[in-house]
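The next block holds one structure in the form of structure tokens; read it before the comments.
The values are calculated or read from the model by the stated rules, or taken from the named source; none is laboratory data. Small disclaimer: the values here were computed from a predicted structure and weren't measured. Don't worry about glycine lacking a Cβ; one is built from the backbone with ideal geometry, like all the others, and counts go over all protein chains shown. These area figures cover heavy atoms from the full protein model, side chains too; ligands, DNA and RNA do not enter into them. Shrake-Rupley method; radii C 1.70, N 1.55, O 1.52, S 1.80 Å.
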Amino acid sequence: QFTTRVVSCRAAELRPEGGGEPVHGFQVVLEDTILFPEGGGQVRAGLGRAGAGAGAGPGPRPAALTSHVPVLRVTRRGPEAVHFVPAALEPGAEVVLSLDWERRFDHMQQHSGQHLISAIAEQMFGFKTTSWELGRQRSVIELDTPLVTAEQVEALEKSVNEKIRDRVPVTVRELAADDPEIETVKSRGLPDDHVGPVRVVDIEGIDSNMCCGTHVSNLSDLQVIKLLGVEKGKKNKTNLIFLAGNRVLKSIEQSHSTEKALTSLLKNGPGEHVEAVKRLQSSVKLLQKNNLNLLRDIAVLIAQDFKSKPAPKQLFVLHRKEGDSEFMNIIANEIGTEETLLFLTVGDEKEAGLFLLAGPVEAVENLGPRVAELLGGKGAGKRGRFQGKAAKMSRRGEVQALLQEFISHQNPGA
């Protein structure tokens, strides 16, 4: 926790990261803060809560000060950290900031882990880091190289964990902006609106980096680093995915829970899971193939039964829960669409499904869009067939009535 005072408070809106309606609240500037503003790779603000201090100043306090107020976001505006809160805080009032320590320590582990990985990757292989992203589950380092081999990933992981076991200190120092020593420090450049001293994070004997982020004080606090592998990045770059510290433990716990569940479902040990799943996949493919063959046979029989009747109807309507587009098209091919109008649907009657309207070209062109509209779906057609997805299968009866009415108009004596 940290006690400070409110410098200013003004009404503002916060737009959620995922979109949606803006949140009404207030932008608060404090004399100082322990909450980390967004930026510099550590992209999500360090969240916390602001509560009333013992000496909030004379006069009545706003109602919000009688209880904790969540800090929803912290951003940087020049030298100031701007805290967005849902309730007003009175300028001059004393407030206590409560830090979300679990979240802060997680970010410290990932950030210091990134510095260590980037430094060792450059020392061992000459791979420079061009950017990094602190993710919610995993973090990504963008390396300026088109290729990182599995052997290099393994060697890099081994080396960074050796440094963790060596308990190397991590220290922070501040240099004046015109200090010539800054030239020896790694940097991607200072923001245009930067003021004051320059902060440098040193991993003793390994790395010296200009950085405003939060870090551990010793590499032993990282516990362990796991490199999950690489993915192709932007042009000629590679993304290295990693976990550090408690995230590794959580990942192992999740994997172990999954392993226990699979052991129970597959009735065998973890070492046999892969082969068991492969056997299941083969069985499923065989069943799907057999099922498809049966559907094709059923489609042919349905069509032949319709054609064998002495006086074929001008309209053929069929709904089946099991089936696909091929099933419907086989029926249409077998019956023929020169004289008969066919309306076929497959899927759950109370949910979404597929439809096919087939018949004389002119009739289908006229009726297809109207059928799709009635079924709450979309479709397209050509050469006497209009098919697509239907969201309202329960309205099939209305479509059938439309088609019967159309045929009646075309052939009043029918």
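Of Glu398, Glu102, Glu142, the residue with the largest accessible area leads and the full order is Glu102, Glu398, Glu142 (1.4 Å probe). Convex hull volume of the Cα atoms of the stretch 104-250, normalised per residue: 118 Å³. Using only Cα positions of the stretch 292-410, each an equal point scatterer, no hydration layer, compute I(q)/I(0) via Debye at q = 0.12, 0.17, 0.22 Å⁻¹ and quote the log10 values to two decimals. Scattering profile of the stretch 292-410, log10 relative to I(0): -0.37, -0.78, -1.32. Once both labels are positioned 7 Å from their Cα atoms along Cα-to-Cβ, the gap between Lys232 and Lys278 label points is 2.6 nm. One decimal place: the segment Leu265-Glu339 gains 21.3 nm when fully extended, by the rule 0.36 nm per residue minus the C-alpha distance.
Positive-end ranking of Ala299, Val172, Ser257 along the dipole of the chain, with charges on Cβ about the Cα centre, is headed by Ala299.
So, in the stretch 292-410, how many Lys pairs have Cα atoms under 13 Å apart, if the pair is 8 or more places apart or on different chains?
Details: Lys321/Lys350; Lys350/Lys392; Lys378/Lys389; Lys378/Lys392.
Counting lysine pairs in the stretch 292-410 gives 4.
For the chain, relative contact order (Cα pairs under 8 Å, six or more residues apart, normalised by length) works out to 10 percent. Model label sites at Glu21 and Ser217, defined 7 Å from Cα along the beta-carbon direction, differ in position by 4.6 nm.
Can you work out the PRE-style zone for Met124? Point 7 Å along Cα to Cβ, and I want the residues of the stretch 249-269 with backbone N under 20 Å. Under 20 Å, as judged by backbone N against the label point of Met124, lie 249 of the stretch 249-269. When the helices of the chain are scored as -39500 (n - 2.57) per DSSP H run of n ≥ 4 and the total is divided over every residue, the value at 222 nm lands at -11500 deg cm²/dmol.
Normalised Debye scattering of the chain at q = 0.09 Å⁻¹ gives log10 I(q)/I(0) of -0.82, counting only Cα atoms as equal scatterers and leaving out solvent. Stokes-Einstein diffusion for the stretch 73-145, with the hydrodynamic radius set to the Kirkwood value over Cα pairs and evaluated at 25 °C in a medium of 0.890 mPa s, equals 159 µm²/s.
Full extension from Ile241 to Phe105: what is 0.36 nm times the residue separation minus their Cα-Cα distance, to one decimal in nm? Walk me through the numbers before you get to the answer.
On the way: separation 136, 0.36 × 136 = 48.96 nm, distance 1.94 nm.
47.0 nm is the gain from fully extending Ile241 to Phe105.
Note on the chain: GNM, Cα springs under 10 Å; of Leu147, Leu175, Leu374, the largest mean-square fluctuation is that of Leu374. For the stretch 104-250, a simple Cβ point-charge model (Lys and Arg +1, Asp and Glu -1, everything else neutral) yields a dipole of about 760 debye relative to the Cα centre.
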